[in-house]
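The structure appears right after this line, and notes come after that.
The values are calculated or read from the model by the stated rules, or taken from the named source; none is laboratory data. From a predicted model like this one, the values you see are computed outputs, not experimental measurements. Neighbour counts are summed over all protein chains in view; Cβ atoms, including those assigned to glycine, are modelled from backbone coordinates with ideal geometry.
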Amino acid sequence: MSGSTLGHTFCVTNFGESHGPAIGCVIDGCPPGMALSEADIQPDLDRRRPGTSRHVTQRNEADTVEILSGVYEGKTTGTPICLLIRNTDQRSKDYGNILQSFRPGHADYSYWQKYGLRDPRGGGRSSARLTAPTVGAGAVARKWLFEKYGTTFSGHMTHLGELAIPFESLAHVPNNPFFAANVSDIARLEAHMDMLRKAGDSCGARIAVAAHGVLVGLGEPLFDKLDADIAHAMMGLNAVKGVEIGAGFDSVAHRGSAHGDSMSPQGFVANNAGGVLGGISTGQDITVAIAIKPTSSIRTPRDSIDMQGQPSVVETFGRHDPCVGIRATPIAEALLALVLMDHALRHRAQCGDVTVRPPFTNQSVQKV
């Protein structure tokens, strides 16, 4: 199966299945000499892992990461880094009733048509379980970007289904199961999820992520634009059906006189561009929003067909997230970090000798 690698210079190849013995990734292109251990990666995996609240799948996976290669005496060697996460709580029997049928909205039908067979256990390769190695690789990228350029990342849920979540403070994000930048509305969100779970239904979500302290000049003109690669990576996340950079679809209603981010000697006045102009980073925050569809594996019976094309009714048992968006924030942050890491290394390779005078009085040139 092709299509399992993200990146050109910082390459991450994902492997494994939801109910296989293990999942993981191989990171190729990490610069040598960076201190790295499992303790640098595990906190991000703990943010994403299942079973952390009653609102997500109760599959009990510790998601303990092991570094199998690419690190010697506590530092990266520049050779491929293999991260392994063992699966310990599979319940493949839960999928016995859908072996011959296709779940509406799921990848079952398209996988079977493409490959002639499919792994129905937890969705196989189409499972959101495969986002754990992505988060592990993202932690490596985040550490290097922070140590080299001071780049940091943040994210939060802005909508849970039809419920808009008022923004209060990013300080609240670690303190609730929804990654919401809010403290006053959590009870309403919990009641909404309890209702969906009892009804055997699901909902979507909108997630906002941002990178702060971004190096100026990342990205390439035309096909390798930074925002294009960000959109490509975000659309690779399970259940994502829409990506916005900066003002996104709101730009349709803007006038050109207001949408273009004016500049002053002190810097940009606004950031409708989301930190990217002409496919190249401006040094402003990179701002991204993603739309996540409702979970396809639900208890509510739905019409479908079986492998012989005959009518079938599908009711999915097992342990599933009523809203996959609840655990998506750390995954989206990781994907953004992976794209910026890849472009930072590409920029360093081509433009490491380029120096320009900073146009803004509050900006200094960061050397690649």
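Structure notes:
- Residue within segment 338-357 that is in contact with a Phe, Trp or Tyr (Cβ under 8 Å, 6 or more places away or on another chain), under 21 Å from Lys241 (Cα atoms) and part of a helix (DSSP H, G or I) present: yes
- Pairs, first more than 20 Å from Phe167 (Cβ to Cβ) in segment 184-198, second of a type in the set (Ser, Thr, Tyr), C-beta under 8 Å, six or more apart: Leu196/Ser202
- If the condition is being more than 17 Å from Gly279 (Cα to Cα), outside any loop (DSSP other than H, G, I, E, B) and not hydroxyl-bearing (Ser, Thr, Tyr), then segment 239-258 contributes Val240, Lys241, Gly242, Phe249, Asp250, Val252, Ala253, Gly256, Ala258.
- Filtering Glu244, Glu162 for residues that are modelled with pLDDT of 95 or more, among the acidic types (Asp, Glu) and exposed (fewer than 14 other Cβ atoms within 10 Å of the Cβ) leaves a single hit, Glu162.
- Going through (1) within 30 Å of Leu345 (Cβ to Cβ); (2) part of a loop (DSSP other than H, G, I, E, B); (3) charged (D, E, K, R) one by one, Asp201 falls short only on (1).
- Some residue of segment 261-283 being in a helix (DSSP H, G or I) and touching a strand residue (DSSP E or B) at 6+ places or on another chain (Cβ under 7 Å): no
- Any hit, segment 200-212, residues being farther than 27 Å from Val135 by Cβ, among the hydrophobic types (A, V, I, L, M, F, W, C), in contact (Cβ under 8 Å) with a residue 24 or more places away in the chain and out of contact with any Leu (no Cβ under 9 Å at 6 or more places or on another chain): no
- Residue within segment 135-148 that is out of contact with any strand residue (DSSP E or B) (no Cβ under 8 Å at 6 or more places or on another chain), buried (at least 19 other Cβ atoms within 10 Å of the Cβ) and closer than 16 Å to Ala205 by Cα present: no
- Top-ranked residue of segment 285-305 - restricted to ones that are of a type in the set (Gly, Ala, Ser) and part of a strand (DSSP E or B), ranked as farthest from the chain's Cα centre (by Cα): Ser304
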